[in-house]
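Okay, structure first, notes after.
Each reported figure results from applying straightforward, stated rules to the coordinates on display, with no laboratory input. All of these numbers come straight from a predicted model, not from anything done at the bench. A quick note on method: Cβ atoms are made from the backbone with ideal geometry, for glycine too, and the neighbour counts reach across all protein chains shown.
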Amino acid sequence: MDRSVRESKQALGIDRRGFLGTALVASLPWPARLQSPPPAPGVSDLAGRPPAPPAWRVDPWLYDMTFRVQVLGIPAFQEGGVASNTETMRLTTNRLALSMSTLDTWSRVDLSSLRATTTLTGGPRRSIQVSMADSQGGTRLVTLDTGAVSCQSIQWELQWRVQVWSSLVDEDQAQRVTWPRSWPAEVEPWLKPSVAIESDDPRFAQHVQSVSGGKLKDVPIWLATKDLVRHTVLWFRGVDSFGNITDTTATRGFQLQGAAAVMESRKGSVYDLCAACVATLRAAGIPARPVLGMIEAPQGTITGGMPQFRLGCWAEAYLPGTGWMPFDPDRIFVNGAKSLDVLQPWECFGSWPYLNYRAPISHDFLPSMQPKPPVQYPGMWGWIRAGGIDPNCQLMDYLTCVMIDRGAGQWDPGPAPEIPPAYLLRGPKPRH
């Protein structure tokens with residue numbers, strides 16, 4: 001960073017302890033008077049298209065993904081060990097729903113690769129149709145319809161191929177981006193409250209006010225985003241970085257209190273931490289969303305007892321004129337948010353060499369459905385059903401996600417930026 005720029009910021013009281021609560025004036029000489037860079041010709045900053053500078057996507061990678069849900073109706077047993085009813089589910093309507101991330105700044109699903117199957121009570125696997133609603137902000141509501149069924153267990157399986165990228169952000173240029181007069185329609189859904197992200201709860205408005213001192217837009221949006229996230233992470237006393245509910249070896253769903261509840265308890269899972277950060281940003285008028293997906297631990301890393309492949313959560317905030325910027329609240333918590341300098345690059349905030357080890361699945365803890373999906377734990381999916389469930393049976397649902405590494409993907413057209421050595425974690429060297 002230029003020395004005169006740094007001295008100018010320090011003179012205004014902007015330092016690693018936070019800047020929003022200081023007595024800033026509206027006449028910031030730099031960077032607030034610079035305008036957001038316009039997208040390059042033929043490049044949009046909307047969902048799924050390459051980001052515009054100051055961000056670039058690099059080191060593309062491919063994964064084959066499987067999303068599998070099984071619902072099991074365990075029958076009640078009569079005296080003598082005889083099952084009272086082996087057809088515990090007699091449904092006239094039976095569909096799985098998934099709010100799927102198909103198009104993102106850092107990932108792209110090959111829609112032609114989508115395949116779905118179903119299996120009923122150990123019977124043969126059969127193909128079923130994949131239905132998709134219109135895309136909104138890069139997501140599609142995917143439904144898998146099995147029709148009328150009489151069975152004890154149902155299994156849905158959805159498979160697809162996704163390309164992911166790592167992210168590279170020029171920190172100095174990002175700090176020059178200004179607040180927009182209005183947001184693109186495509187990102188407006190991510191300004192509203194959603195399941196487990198109660199951004200309209202008064203506590204979040206109070207939190208933003210206490211952090212900003214009423215001067216939220218007196219500083220560039222990139223710095224505001226970082227400091228709001230930092231203060232939200234500092235609110236937490238403890239975080240479970242795994243955060244999945246498991247039954248023997250199967251996953252049931254997420255440990256999720258929700259953003260409002262966890263601001264009271266101040267302890268929760270990585271899913272709660274992401275929900276709280278996203279809710280804070282939305283309350284500040286910054287589009288933000290959780291990213292729920294699969295994480296592959298890079299070779300040679302210490303997983304701390306976690307599986308090599310696991311479900312996980314991170315987040316994205318929208319930077320005007322650029323695109324969705326990824327960040328990992330859990331990494332900020334682990335690294336010690338109190339010591340982070342908002343003027344310096346942060347690990348896994350914007351620039352993220354390991355981002356291509358993660359494959360998004362959804363931006364919703366539960367699909368937005370009415371009535372609320374009858375599932376035991378939040379796990380990205382919902383169940384649309386009508387008909388009879390044996391009231392004496394025990395209903396259990398299990399979630400399995402699998403990612404298979406398929407190697408290097410295709411680069412975006414045009415020249416790639418100069419890539420730091422830290423990004424050369426896998427695959428071929430960057431092209432020139």
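Observations, loosely collected:
- Residues residue 150 and residue 210, FRET efficiency given R0 of 51 Å [Cβ-Cβ distance, rounded to 0.05]: 0.35
- Region 90-97 - phi-based ³J(HN,Hα) in whole Hz, Karplus 6.51/-1.76/1.60, Gly and Pro as x: 10, 10, 8, 10, 8, 9, 8, 10
- Theoretical gain in end-to-end length, residue 402 to residue 125 [0.36 nm per residue, Cα-Cα removed]: 97.9 nm
- On the beta carbon distance between residue 249 and residue 64, with R0 = 22 Å, the FRET formula returns roughly 0.55.
- Listed from fewest to most Cβ neighbours within 10 Å, the set 166, 194 follows the order 194, 166.
- Shape category assigned to region 228-371 from the gyration tensor of Cα positions, a/c cut at 1.5: rounded
- Least to most buried among 236, 309 (fewest other Cβ within 10 Å first): 309, 236
- Förster radius 41 Å - calculated FRET efficiency between residue 74 and residue 192 (Cβ-Cβ, nearest 0.05): 0.60
- The packing ranking of peptides 343-349, 270-276, highest mean first, is 270-276, 343-349, where packing means the average number of other beta carbon atoms within 10 angstrom of each residue.
- Taking 0.36 nm per residue of separation and subtracting the Cα-Cα distance, full extension of the segment from residue 344 to residue 411 would add 21.3 nm.
- Note on 262, 291: ascending count of other Cβ atoms within 10 Å places them as 262, 291, the fewest first.
- Length released on extending from residue 173 to residue 368, taking residue separation times 0.36 nm less the Cα-Cα span: 66.6 nm
- Whether region 283-432 is rounded, prolate or oblate, judged on the alpha carbon gyration tensor where a/c under 1.5 counts as rounded: prolate
- Charge sum, other residues only, whose C-beta stays under 9 Å from residue 399's C-beta, Lys/Arg counted +1 and Asp/Glu -1: +1
- Annotation for residue 425 and residue 203: the two label points, set 7 Å from Cα along the Cα-Cβ direction, are 3.3 nm apart.
- Rotationally averaged projected area of region 166-228 (alpha carbon convex hull; nm²): 5.9 nm²
- Whether region 222-293 is rounded, prolate or oblate, judged on the alpha carbon gyration tensor where a/c under 1.5 counts as rounded: prolate
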